[in-house]
Every structure is written in C-alpha cells, then in structure tokens.
1. Taking a label point 7 Å from the Cα of H56 along the Cα→Cβ vector, which residues of the stretch 202-222 have an amide N closer than 18 Å to it?
2. Just the number, please: percent antiparallel of the DSSP beta bridges in the chain, rounded to the nearest 5.
3. For the chain, what does the relative contact order come out to in percent, with C-alpha contacts under 8 Å and a separation of six or more?
4. Assuming R0 = 25 Å, what is the FRET efficiency of N10 and K109, from their Cβ-Cβ distance, to the nearest 0.05?
5. Under 19 Å from a point 7 Å along the Cα-to-Cβ line of T189: which residues of the stretch 215-248 have their amide N that close?
6. Please list, by residue number, everything in the stretch 119-156 whose backbone N is under 20 Å from a paramagnetic label point 7 Å out along Cα→Cβ of H225.
7. Pairs K18/K251; K26/K251; K109/K212; K109/K221; K18/K109; K26/K221: which exceed 32 Å Cα-Cα?
8. Could you work out [θ]222 nm for the chain from helices alone, using -39500 (n - 2.57) per DSSP H run of at least four and dividing by all its residues? Round to the nearest 500 deg cm²/dmol.
Amino acid sequence: MACQEDNFVNQITELYEKILKLESLKPSKEVDTLFEQLFTMCLPTDTSLDVTKMSHEVQDMRSNLIKLRGEAVGYLEQHYSTIWGSLEDNPLHHIDLFPTYTNYLNLSKLEFDLIMQHTTHVPTKIAFVGSGPMPLSSIILAKFHLPNTTFHNFDINPQANALASRLVSRDPDLSRRMVFHTTDLLNITTEILSDFDVVFLAALVGLDKEGKVKAIEHLEKHMGHGSLLMLRSGHGVSAFLYQIVDPCDLKGFEVLTIYHPMANEFVNSVVIAHKLGGQTTSVRDE
C-alpha cells in the first residue's frame, strides 16, 4: 500500500507541476490533455487510498488542484455553452458531445434513484445551487427522470446564467421548467429555500473546506424541514477533484446515504441527507 501511495503521489505531483506552468486554464489541447489525465488518474479504484492521512504538502497540493480544476471546468462549460447557444437548432441536441457527459448521465441516474428512495412523492420543485453556464445535472434530470418537475438554478455569475438560459431557451419543454436566478447562495432566504423539495449543492460551490461548510450551514438554516439535500463529495483519490464532505459537516441534517461509485461508473461520491424535523431514516454507506 505504501508503494502504491508513493507511486500515485509522484504521478499526481508531476501532473500538478505541469498544470501550474500553464499560461491559461481556458480550453486548449494542452489544458484539455492535462485535466483529462487528472480526471482519469482520480477515477475510483478497488483499493482507494486514504488521502486524508497523506502529508501536509500533499494536502496543500490537493486543495490547489481542486481550485485549479474548478476554474478549468468553469472555462470549459463556458466554452461549450457559448458555442451551442449560438447554433440555430436546439442547443440541447448537442450536449452529449460534452467531454464528461457520460459521467453526468450516470451520476444523475444515481441521484434520481436516491431521491426516490427517500421521498414519498415525486418532487415538484428542485433547486440547484451553483448551476453554472452548462447546467447538465438539471437538464439531464429534467429530460430523462423528472418530466413534470420545475428546476430553479442559482448561480452567482450573471454571465453563466445568461449562457445557461440560452441553452434551454429553444427547447419547448425545458424553457418552461427551468428558472435561473443570479444570486450568492448566502443571500438566498428561508422564504425561497424552504419552498423546495430537494436542494442540490454543486461540487464547485465551496472549493475549500471552509467554504463548503459555510454553504452547508446556510442551507441548514434556511431549507424546509424534511427536505432533501444532495451533495457531491470526494472519496479516495477522487478527493483530488472534490472536497470531502463528512457526516460531521452536516449538522442539522440526518445523512441518509453515502454512495461511493464503482469503477467506470462516475467519479465523485454522493451524499444525500434531509433537514431534521421530517421523517428519519437510518444512514447507509454504499
């Protein structure tokens, strides 16, 4: 195990140093190749390493990689959303060309299944906080799993919302069921948040641990009792792509399920919890 850990740390350090030398994180052949290598390196394996026990130097590198990848993903989504939004036909006819579309497809199916396991009714209103310029999760859930649900997408960036809105504007169905709000999560009030059956917190909201916990605390304060919270978390080597959300970070919630993906399924772990005050269910770690 020590040898395996050393090999992984050496490989990811070498990749990290190449990423640091990039002049820009906007899509290019070099940028795309390096982050594709990072993505592949952090896919789930049968023998996941415990990154939380690695050295402080490795932890610092991990935190920086999460932020660098978050910035690169933002540029990538903006790039594709701009191109597809400018097409004459329905932009959603092209979303399967997005580089990690299959990952989103598998992830959204799992998240839908978890929602339906822990609710007595099909949700009518879902909030997605941190939806970005390419709200693939909302789009896939709305198109393939929740055809009668309204999705409210929240993002702090007005340009991201403008691009995302243009993506769905020519789709007769989703243009009616997708709403976009430009606001900081910390400004969303109880009056708004308590109205949703399910709240998704995007992986890129809170790129450091402090920011992630602060976002969760705000949701706990303002979500409705018994409503569901869906988060994406790191586990094993995927913690170099996503912040780890521990059950202890979810004060005021009961964790219902923590799902760790199998190889070739998708990358990040999924945590589903509900705001205390509703019906309780025992936690499952899969």
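Any read-out appearing in this document is the output of simple, stated calculations on the displayed coordinates, not a laboratory observation. Source: prediction; values computed, not measured. Here the Cβ is made from the backbone with ideal geometry for all residues, glycine too, and neighbour counts use every protein chain on show.
1. Zone members listed by number: 209-210.
2. Values: 12 of 33 bridges.
If I count the DSSP bridges inside the chain, around 35 percent turn out antiparallel.
3. Values: 474 pairs, mean separation 55.7, N = 286.
Reported as a whole number, the value is 19 percent.
4. E between N10 and K109, to the nearest 0.05, is 0.10.
5. It comes to 218-225, nothing else.
6. Only 119-121 pass the distance filter.
7. Working: K18/K251 39 Å; K26/K251 37 Å; K109/K212 24 Å; K109/K221 28 Å; K18/K109 35 Å; K26/K221 36 Å.
Among K18/K251; K26/K251; K109/K212; K109/K221; K18/K109; K26/K221, the Cα-Cα distance tops 32 Å for K18/K251; K26/K251; K18/K109; K26/K221.
8. Details: 9 runs with 117 residues, N = 286.
Per the formula, -13000 deg cm²/dmol.
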